[in-house]
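The values are calculated or read from the model by the stated rules, or taken from the named source; none is laboratory data. Just so we're clear, the structure is a prediction, and the values are computed from it rather than from any experiment. Neighbour counts are summed over all protein chains in view; Cβ atoms, including those assigned to glycine, are modelled from backbone coordinates with ideal geometry.
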Amino acid sequence: MTDRVIALVDAGRRKPLPPAASSSTGVARDRLARPLRDLRISVTDRCNFRCTYCMPKEVFGKDYPYLAHSALLSFEEITRLAKIFVDHGVEKIRLTGGEPLLRRNVERLVEMLAAITLPEGRGIELTLTTNGSLLAKKARALKDAGLHRVTVSLDALDDATFMAMNDADFPVAKVLAGIDAADAAGLAPVKINMVVKRGVNEHSILPMARRFKGTDHVLRFIEFMDVGATNGWRMDDVIASREIIDMIDAHMPLETIDPNYPGEVAKRWRYRDGSGEIGVISSVTQAFCRSCTRARISTEGMLYTCLFATSGYDFRALLRAEKSDAEIGAAIAAVWGARDDRYSEIRTAETAKQRKIEMSYIGG
Ligand code: SAM
């Protein structure tokens, strides 16, 4: 485990904005010609789980200095910023955190974002990633507010393994009930994210595959990543997606399928007997930086152009300095235009030790 790290962004980790480009709208492209298409918005830095690979208890303890409410972007600020991002190419928005369902009245934010339309008139795609703990209660309201789909994190099917990973004594059955509620509410297909860590939950790979085979849910296996600086990441703990696919294929034969759209994070596979699909997210062993079209807004309005960033750009300052939409749009275009991140392609044991922003703050 590394030293205790405070995730909050201090002044030294704010980057000055690059010189503003033109304020005209249209799809922004970065230095590697990648378009800006997706926006992930973290709506809280708090979570009710203490997943050992994300918010370990030793760091995120009772005295952890979470952001004050006044530091968070308001729903109005988030919606305004989101609209400007849409003017610059964003078509999909994902709410995340922390645990997004902990943000009070998050349904109201969903309703506000769901009303945003793309320049050609159709609505944006609006999704949310959750640990599922509050989903049984909130699925219907989220759907009614205009949410399209949810991704639910679930790392094992047995309580002993799952509780050891979430470190909050949270049982599997309640997450499964959340998945059922999401499905019943029409937030489908439900995607299920399983982070795989060697020596911790690889024995859950086959049971998880069997459990969701034959349903409309799409189980996705995520390689354990060196996000943040507190999860003690080591390459030895990563189980490569190839190994996961081989393991499943040996019991339940698989074949690849084409991506749903360019830049899709997960590589898709389907069961040869036609009983559904799974995915693998191989940020470590098969980096997909070349097709990364994602920007991230932290809970307090910092813009990051990479999940593994060490610093970001302060857009809350622009919003609260009463800059015009055109000025904020020009800043977005300038930041995206200057982007050349490709962390996963250049990852080494050394880069893994960098003081990266925590995933609970930047948004998963
Ligand atoms: N609280 C929500 C949840 O649990 O889904 C949203 C935030 S969480 C940070 C988003 C996703 O990131 C989850 O699926 C989580 O499992 C994944 N994640 C967190 N830390 C990770 C790591 N070190 N490696 C791979 N995935 C990670």
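The criterion of at least 2 residues that are closer than 29 Å to Ala173 by Cβ is met, among helices (runs of 4 or more DSSP H) falling completely within the stretch 53-152, by 106-114, 135-145. If you go through the stretch 227-239 and keep only what is surrounded by fewer than 17 Cβ atoms within 10 Å (Cβ to Cβ) and either closer than 23 Å to Tyr361 by Cα or in contact (Cβ under 8 Å) with a residue 40 or more places away in the chain (or both), you end up with Gly232, Arg234, Met235. For the stretch 320-364, a residue qualifies if it is farther than 21 Å from Thr299 by Cβ, within 15 Å of the ligand (Cβ to nearest atom) and among the charged types (D, E, K, R), and the qualifying residues are Arg347, Lys353. Scanning the stretch 334-363 for residues that are among the small types (Gly, Ala, Ser) and crowded, with 24+ Cβ neighbours inside 10 Å returns Ser360, Gly363. Against the definition (away from the ligand (no atom under 16 Å from the Cβ), of a type in the set (A, V, I, L, M) and either within 30 Å of Gly312 (Cβ to Cβ) or not in a helix (DSSP H, G or I) (or both)), how does Ala188 come out, yes or no? Answer is yes for this residue.
A residue that is in contact with a helix residue (DSSP H, G or I) (Cβ under 6 Å, 6 or more places away or on another chain) and at pLDDT 95 or above occurs somewhere in the stretch 260-281. Counting only strands (runs of 3 or more DSSP E) that sit completely within the stretch 272-336, those holding 2 or more residues that are closer than 30 Å to Asp236 by Cβ and in contact (Cβ under 8 Å) with a residue 40 or more places away in the chain correspond to 277-281, 294-297. Screening Gly263 with (1) within 12 Å of the ligand (Cβ to nearest atom); (2) assigned to a loop (DSSP other than H, G, I, E, B); (3) under 21 Å from the mean Cα position of the chain (by Cα) gives one miss only, at (1).
Would you confirm whether any residue within the stretch 34-47 is part of a loop (DSSP other than H, G, I, E, B), out of contact with any helix residue (DSSP H, G or I) (no Cβ under 8 Å at 6 or more places or on another chain) and touching a residue at least 24 places away in the same chain (Cβ under 8 Å)? So far as the stretch 34-47 goes, yes, one or more of its residues are part of a loop (DSSP other than H, G, I, E, B), out of contact with any helix residue (DSSP H, G or I) (no Cβ under 8 Å at 6 or more places or on another chain) and touching a residue at least 24 places away in the same chain (Cβ under 8 Å). A Cβ distance below 6 Å, combined with a sequence gap of six or more or placement on separate chains, defines the contacts here; from the stretch 90-105, residues that are of a type in the set (A, V, I, L, M) reach residues that are assigned to a strand (DSSP E or B) and within 14 Å of the ligand (Cβ to nearest atom) in the pairs Leu95/Ile41; Leu95/Leu128; Leu101/Thr130. One residue stands out among those in the stretch 153-174 that are out of contact with any strand residue (DSSP E or B) (no Cβ under 7 Å at 6 or more places or on another chain) and assigned to a loop (DSSP other than H, G, I, E, B): the one that is farthest from the ligand (Cβ to nearest atom), which is Asp158. Candidates Ile248, Ile239, Ile257: the one that is within 13 Å of the ligand (Cβ to nearest atom) and over 19 Å from the mean Cα position of the chain (by Cα) is Ile239. Among the residues here, Val9 does not qualify as of a type outside the set (Lys, Arg), away from the ligand (no atom under 16 Å from the Cβ), modelled with pLDDT of 85 or more and part of a loop (DSSP other than H, G, I, E, B). Among the residues in the stretch 280-293, are any more than 16 Å from the ligand (Cβ to nearest atom) and buried (at least 20 other Cβ atoms within 10 Å of the Cβ)? Taking every residue of the stretch 280-293 in turn, at least one turns out to be more than 16 Å from the ligand (Cβ to nearest atom) and buried (at least 20 other Cβ atoms within 10 Å of the Cβ). The set of residues in the stretch 204-226 that are loosely packed, with under 15 Cβ neighbours inside 10 Å and in contact with an Asp or Glu (Cβ under 9 Å, 6 or more places away or on another chain) comprises Pro207, Asp216. With respect to Thr129, is the statement that it is under 30 Å from Gly26 (Cβ atoms) and at pLDDT 95 or above true? Criteria met by Thr129. Considering only residues in the stretch 136-180 that are under 16 Å from Val110 (Cβ atoms), more than 21 Å from the chain's Cα centre (by Cα) and not basic (Lys, Arg), the one that is surrounded by the most Cβ atoms within 10 Å (Cβ to Cβ) turns out to be Ala141.
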